[in-house]
1. Only residues that are surrounded by fewer than 11 Cβ atoms within 10 Å (Cβ to Cβ), of a type in the set (Ser, Thr, Tyr) and within 20 Å of Phe92 (Cβ to Cβ): list them for the range 29-77, please.
2. Yes or no: Cys6 surrounded by 15 or more Cβ atoms within 10 Å (Cβ to Cβ), in contact (Cβ under 8 Å) with a residue 24 or more places away in the chain and hydrophobic (A, V, I, L, M, F, W, C)?
3. How do the pairs read when you match residues in the range 84-98 that are within 13 Å of Ser21 (Cα to Cα) with residues anywhere that are of a type in the set (D, E, K, R) and outside any helix (DSSP H, G or I), using Cβ under 7 Å and keeping only pairs 6 or more apart or on different chains?
4. Identify, from the list Val40, Val93, Val54, the residue that is over 19 Å from Gln8 (Cα atoms), under 16 Å from the mean Cα position of the chain (by Cα) and modelled with pLDDT of 90 or more.
5. If you scan the range 24-56, which residues turn out to be in contact (Cβ under 8 Å) with a residue 40 or more places away in the chain and in a helix (DSSP H, G or I)?
Amino acid sequence: MSLQKCDQCNTQFKWSTIVSSIFLAHRPIQCNQCDTNHRVTFFSRIILSLLSVVPLWIFGYIIARQLSLSFSYTFSIMIIYSVFMFLLFPFFVKYNSK
């Protein structure tokens, strides 16, 4: 599991560049070395969406209710999970130069 590299010159993108791209609605990334534009693949968008929504839904609506967890406890766990996943998203997302 590593960060994405440029398809043309093999320069690794910075973690902060990928995070800002994801946070700004999957904005394309331009390589600093060769100026090649890279766009998020459709499959990566699906994976990121599933990793953000499905586990939260399963925990919030199924597990938390079965265990009778309080709202504040459930909400805290969901926030911690969201922050943790947001920090790992740059390792899951893939870009293509087209």
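1. Correct list: Ser49 only.
2. yes
3. Tyr95/Arg39
4. Val54
5. Phe43, Ser44, Ile47, Leu48, Leu51
The values are calculated or read from the model by the stated rules, or taken from the named source; none is laboratory data. Keep in mind the model is a prediction, meaning the values are calculated, not measured. Note: ideal-geometry Cβ built from the backbone for every residue, glycine included; neighbour counts use all protein chains shown.
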